[in-house]
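Coordinate-derived values only; no laboratory data. Nothing here was measured: the structure is a model prediction, and the numbers come from that model. Cβ coordinates were reconstructed from backbone atoms using ideal geometry, including for glycine residues, and neighbour counts include every protein chain displayed.
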Amino acid sequence: MSKLSGKNLIDTIKQKGKNLEAEMSFFDHLEVLRWHLVRSAIAVMVFMILAFAFYDFIFDDIIMGPKSGDFWTYRMMCKIAEVFNTPGFCVTEVPGTIINTQMAGQFIMQINSSLIIALVLGFPYLLYEVWLFVKPALTDVERKSASGFVFYATLLFVIGVLFGYYVVVPLAVNFLANFSISDDISNTITIDNYLSFVATLTLGCGIVFELPIIVFILSKIGILTPQFMRASRRYAVVLILLIAAMITPTPDIITMLTVSFPMFLLYELSIVVATRVHKRKMKQDLDFYRGEDN
């Protein structure tokens, strides 16, 4: 009886030790995560201070750019209109008045817009901190296959932001600014609404362009396969057209196809990514089974 009790006591002590070790490991991970978050917050604060320092340029040339008739996209549209002799495609002025309706509205707008600019500029570093946190948990093979994660995710995000800012935003702003249901109603837009509109479309496109990265991760863990994506292509086309219709509130088919075309390319690129991941996994499984047979 005493031997049995002693054995139970030893097992209990061992189990307590394992639980304590697991708890310490968990808190160690929390400590590591905390420092990643601290460094990310410091990076965002640095970019936010820089945005404050150069805010005149950010506000006049970046935020208010799509509202100006001299914006790069509108100048390109006028050149295209001149080549194809379609004067209606040329945009020289964007109507509407932007106002502030709150006492602290302009100050809050400067803080919010500086934070948005800081998040966009700091996005590569934020991804790098995510990679540093996840990297120790990966195997050597997984680490090698995901070594370009930060570069490709940043590249796709930047392309998406530029596409949203130079294509989607000016098309949407021009259409909505000229849209009117009555001559008695003039378009007067608050500054916070305008900023929210531009930021949502721009960042939304940046996130949408991360589709190949998301597909890569889902393929690695076995949720998505290239066969499923090919079989679902017709549904993807409908979904992409719906997303394009929501992103661009313009009724013309040309604008919607302009926005949806890169999404079609992204979907096809995602199929290629899923195919490469699937083939690599099949090769690794085959090598593993051959190794067991030997």
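Observations
- Dipole axis of region 134-236 (+1 Lys, Arg; -1 Asp, Glu on Cβ), positive-most option in 207, 228, 152: 228
- Around the Cα centre of region 2-209, unit charges on the Cβ atoms of Lys, Arg, Asp and Glu (plus for the first two, minus for the last two) sum to a dipole of about 1240 debye.
- Longest to shortest principal axis, alpha-carbon extents of region 62-137, angstrom: 59, 40, 13
- Between residue 78 and residue 280, the distance separating the two model label sites (each 7 Å from Cα on the Cα→Cβ line) works out to 4.8 nm.
- Around the amide H of residue 94, modelled in the peptide plane, lie the amide H atoms of 69, all under 5 Å away and 5 or more residues distant in sequence or on another chain.
- Stretched out straight at 0.36 nm per residue, the stretch from residue 143 to residue 41 would grow longer than its current Cα-Cα span by 34.2 nm.
- Distance-filtered residues of region 108-150 - backbone nitrogen under 15 Å, label point 7 angstrom along residue 55 Cα→Cβ: 108-118
- Positive-end residue of 57, 194, 47, charge dipole of region 2-209 with Cβ unit charges: 47
- In this Cβ point-charge picture (+1 for Lys and Arg, -1 for Asp and Glu), region 53-174 has a dipole of about 280 debye about its Cα centre.
- FRET efficiency, 1/(1 + (r/R0)^6) with R0 30 Å, evaluated for residue 106 and residue 70 via beta carbons: 0.80
- Taking amide H as placed 1.01 Å from N in the peptide plane, residue 189 has its amide H under 5 Å from the amide H of 97, 98, 99, each at least 5 places away in sequence or on another chain.
- Using the Cβ-Cβ distance between residue 178 and residue 242 with R0 set to 25 Å, the FRET efficiency works out to roughly 0.55.
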